Amino acid sequence: MSLVSLRIHSIRNLQHLELESLSPINLITGMNGSGKTSLLEAIHFLGTTRSFRSHQFRHFLSHGCQSALVFARLAHVGSGQTQPLGVERHLDGQVRARFDGQSLDSAQLALQLPLQVLHSGTFELLDGSPAIRRQFLDWGCFHFNPGFIQLWRGFRRALKQRNSLLKYGKIDPLLLQAWNHEFIEYGSALSEHRQAYLSAFVPVFNRILADLLAEVSLDLRFSAGWDRKRSLEEALFEYAERERQQGFSLVGPQRADFRLRWQGQNAADLLSRGQKKLVVSALKLAQGVLYRSLSARPCIYLIDDLPAELDAQHLELFCHYLEQSADQCFITCVESDTLKRFWATDTRLSCFEIAAGQLV
Ligand SMILES: Nc1ncnc2c1ncn2[C@@H]1O[C@H](COP(=O)(O)OP(=O)(O)OP(=O)(O)O)[C@@H](O)[C@H]1O
């Protein structure tokens, strides 16, 4: 699906904004503080009911408003048919997502509008906490395997119950055994899905990285969250006493991570900012390529300040990559001339300029 038109109400300084005739490549330009990133945030809200830069809804809801609404018409690739998608969220916590007249839960919404975001915070994928990389990995697994969400939910439930038993000291052995069983069943399966996804992902990532940043070749290492020479059951047994003392689960898929190594060291410690941006971009592009090859559906890319950190040569490579993909892109930058020259003349491109939250 791709967005054909977009209507935004009450997201940051975008009180009411309507965009028509969206293209595969959409350039959003404007001065600092004009509302470019807010527009990307609004599309992210449409696909997830959340922002990618504020955890709290009240921070990205326009000041003085009670609710935010984003509405779009989505087109099936290759057909002229469009369907409406709307997401509304109120300050009191109510969230409503509707697609073509049907209510959607968050997982169904994510399936309708698969998004990849690149913004200044995305660097954390390399040097931030493992939770950020697990989230990245689980996005891929979620779209790679329809059964993954059930496993993930089952595992989260078992982890929560297990942690609350360990936390409150008085442990009923039968109850702990029951939750251990769930934890092991769901946890082992979850980890297998993550590994299967990475096996498919790594060659795609390496290929894209070689195109975008030929001088860097990275080794992606996955750690499951426990020593894989043992089963998860054996690892729980080995850590049982330490977990009792610490009061929470110490081993399992909730500790999984992956690291990128370059020349035997943590890549984040060696790469320049521009190189980091290209590596993170290659990770995100690889997820999109894999998603498209499995589902035959495109991803939507939200790319904030694409030119930042990149020289003209890498910028051109990046733009070339985006225009060749079947994905839809929303790209922000301050000056439109910075990016306009990098596209082929037959690329379907729409340019929107924003000033103080309004289209110019
Ligand atoms: N909750 C809010 N309600 C209203 N306005 C807000 C809210 N939060 C932030 N703003 C304002 O919205 C404006 C748009 O911010 P945004 O980050 O989208 O700008 P931008 O065009 O991406 O700027 P830059 O080029 O500097 O990154 C800013 O002026 C900001 O102060």
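The values are calculated or read from the model by the stated rules, or taken from the named source; none is laboratory data. The shown structure was predicted, so the numbers you read here are calculated from the model rather than taken from an experiment. All Cβ positions, even for glycine, are placed from backbone atoms using ideal geometry, and neighbour counts span all protein chains on display.
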I'm trying to understand the selection: among the residues of region 328-342, which are modelled with pLDDT under 90, surrounded by 17 or more Cβ atoms within 10 Å (Cβ to Cβ) and over 20 Å from S120 (Cβ atoms)?
F342
Helices (runs of 4 or more DSSP H) contained entirely in region 243-360, each with at least 1 residues that are in contact (Cβ under 8 Å) with a residue 60 or more places away in the chain, in contact with an Asp or Glu (Cβ under 8 Å, 6 or more places away or on another chain) and within 16 Å of the ligand (Cβ to nearest atom)
273-295, 336-340
A240: among the hydrophobic types (A, V, I, L, M, F, W, C) and farther than 22 Å from W152 by Cβ, yes or no?
yes
Subset of region 209-236, residues over 30 Å from H320 (Cα atoms) and either β-branched (V, I, T) or touching a helix residue (DSSP H, G or I) at 6+ places or on another chain (Cβ under 9 Å) (or both), comes to F222, S223, A224, G225, W226, D227, R228, R230, S231, L232, E233, L236
Residue check, T49 surrounded by fewer than 22 Cβ atoms within 10 Å (Cβ to Cβ), over 24 Å from the mean Cα position of the chain (by Cα) and more than 16 Å from the ligand (Cβ to nearest atom)
no
Condition first: closer than 14 Å to L176 by Cβ and of a type in the set (A, V, I, L, M, F, W, C). Now tell me which residues in region 237-265 satisfy that.
F237, A240, F248
Determine whether region 2-20 contains at least one residue that is assigned to a loop (DSSP other than H, G, I, E, B), surrounded by fewer than 21 Cβ atoms within 10 Å (Cβ to Cβ) and among the aliphatic types (A, V, I, L, M).
no
Which condition breaks for E124 when tested against (1) touching a residue at least 12 places away in the same chain (Cβ under 8 Å); (2) under 19 Å from the mean Cα position of the chain (by Cα)?
(1)
Of all residues in region 63-82 being more than 24 Å from the chain's Cα centre (by Cα) and near the ligand (Cβ under 10 Å from one of its atoms), which is farthest from S295 (Cα to Cα)?
G64
Tally the residues that are touching a residue at least 24 places away in the same chain (Cβ under 8 Å) and more than 16 Å from the ligand (Cβ to nearest atom), restricting the search to region 1-45.
12
Looking only at region 1-52, count how many residues are out of contact with any helix residue (DSSP H, G or I) (no Cβ under 8 Å at 6 or more places or on another chain) and at positive phi.
4
Looking at region 304-327, is at least one residue farther than 17 Å from I25 by Cα and polar (S, T, N, Q)?
yes
